[in-house]
Amino acid sequence: METTEVVVIGAGQAGLSSAYFLRRFGIEPLVLDAARGPGGAWRHRSPSLTMDKVHGIFDLPGAPDGVEVAGDRPAAEVVPEYYGGYERRVGLEVLRPVKVGSVREGDGGRLVVTSDAGEWAARAVVNATGTWTRPYWPYYPGAPDFLGEQLHYAGYRGPEAFAGRRVVVVGGGASAMHVLSELAGVAAATTWVTRRPPVFRDDDFGEDARREAVAMVEARVRAGLPPQSVVSVTGLGYSLVVRQAMAKGALERLPMFRGLTAYGVEWADGRRVAADTIVWATGFRSALDHLAPLRLREPGGGIKVDGTRVLKEPRLQLVGYGPSASTVGANRAGRAAARDVRALLRPRPAVPAA
């Protein structure tokens with residue numbers, strides 16, 4: 001087992017931001033990433049999600065040049081190129097592909113990070129594993145009996161495969177907008193279903209609105225509840241994909257169905273819609289199973305944090321969790337996590353009383 005000061009798990013935006021600020025504070029982190037190349041979750045996005053369709057890419061810290069503006073290029077190409085160039089430019093070495101299996105209590109006040117590439121005993125751990133590897137599939141009665149195809153947005157790769165098919169799209173966020181904007185006019189029929197009526201906002205979602213959205217998610221996390229996504233509390237802006245879906249008449253929303261049948265979905269009042277495919281654009285959950293040995297969950301199902309510091313385990317920082325699980329809060333969370341780690345590893349001497 002090797003020893004190190006800090007392990008950062010994950011090299012998406014939150015992980016790279018954390019590593020950047022740790023180095024600024026004079027702490028050299030060991031960065032582990034499960035993917036075969038840079039880009040975080042972006043490398044797995046549908047090739048049909050081009051840069052002009054994404055709802056926002058925030059510059060990584062210390063990189064004023066930002067992401068290349070190339071509207072017709074897939075985000076799955078552009079953003080990994082940007083992340084990879086960033087790693088090289090700031091001199092950040094990322095060990096990949098490395099899959100972390102667990103983080104547990106070790107000897108000498110350290111946390112032990114176990115992976116398929118070895119073990120490290122660290123004085124602090126920054127967890128930035130994000131959500132992409134844990135797509136959320138809600139359960140509805142009859143789901144095993146449905147004879148068509150069920151697909152989560154994580155596996156969506158563009159509209160071509162849906163030509164001539166009747167498709168039900170479930171979800172009220174940006175992912176659902178992306179799917180509907182592309183399938184309308186290609187599929188034989190699209191039906192949009194959400195649990196709550198969608199809220200569209202026509203402002204520019206400026207800095208004050210972003211802070212308010214992050215604060216709402218932070219309040220849930222402080223209470224030990226599972227976090228909502230930032231997007232779920234911001235509403236939908238009139239992005240390119242929203243305008244495209246509207247122009248194609250695809251945003252006639254229906255309330256959530258009661259369950260699935262062999263050939264479609266049905267509501268409590270007996271209404272039925274036939275379907276060949278159901279696309280679950282129902283979001284993701286935090287990928288935290290490897291932290292189970294630390295027993296961090298509260299009775300409400302969440303993990304209490306103060307900023308990014310886990311209250312039950314101060315040696316652990318959670319970034320890309322709750323308010324930092326989107327590009328809105330990731331850089332700020334990386335800076336906060338690095339500050340907390342510095343305070344833990346380099347405590348300032350107490351000032352004597354006058």
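Quick notes on this one:
- Added length on full extension, which subtracts the Cα-Cα distance from 0.36 nm per residue, ASP289 to GLU119: 59.5 nm
- Principal axis dimensions, the range 89-195 - Cα atoms, whole angstrom, descending: 62, 41, 24
- Computed from backbone phi with θ = phi - 60° and the Karplus coefficients 6.51, -1.76 and 1.60, the 3J(HN,Hα) list for the range 310-322 is 6, 5, 6, 8, x, 7, 10, 10, 10, 10, x, 10, x Hz; x is used for glycine and proline.
- Gyration tensor (alpha-carbon) shape descriptor, the range 17-141, a/c threshold 1.5: oblate
- ³J(HN,Hα), Karplus 6.51/-1.76/1.60, whole Hz, each residue of the range 90-104, x for Gly, Pro: 8, x, 9, 8, 10, 8, 8, x, 10, 9, 7, x, 7, 10, 9
- Other-chain or far-sequence residues with amide H under 5 Å of LEU236's (modelled H): VAL199, PHE200, ARG201
- Sequence-distant contacts, meaning Cα pairs under 8 Å at least 6 residues apart, place the relative contact order of the range 119-189 at 30 percent.
- Phi angles across the range 148-165 convert, under the Karplus curve 6.51 cos²θ - 1.76 cosθ + 1.60 with θ = phi - 60°, into 3J(HN,Hα) values of x, 9, 10, 9, 8, 4, 4, x, 6, 10, x, x, 4, 5, 9, 4, x, 9 Hz, Gly and Pro given as x.
None of the figures in this text is laboratory data; all of them are computed from the coordinates on show. Just so it is clear, the model here is predicted, and its values are computed rather than measured.
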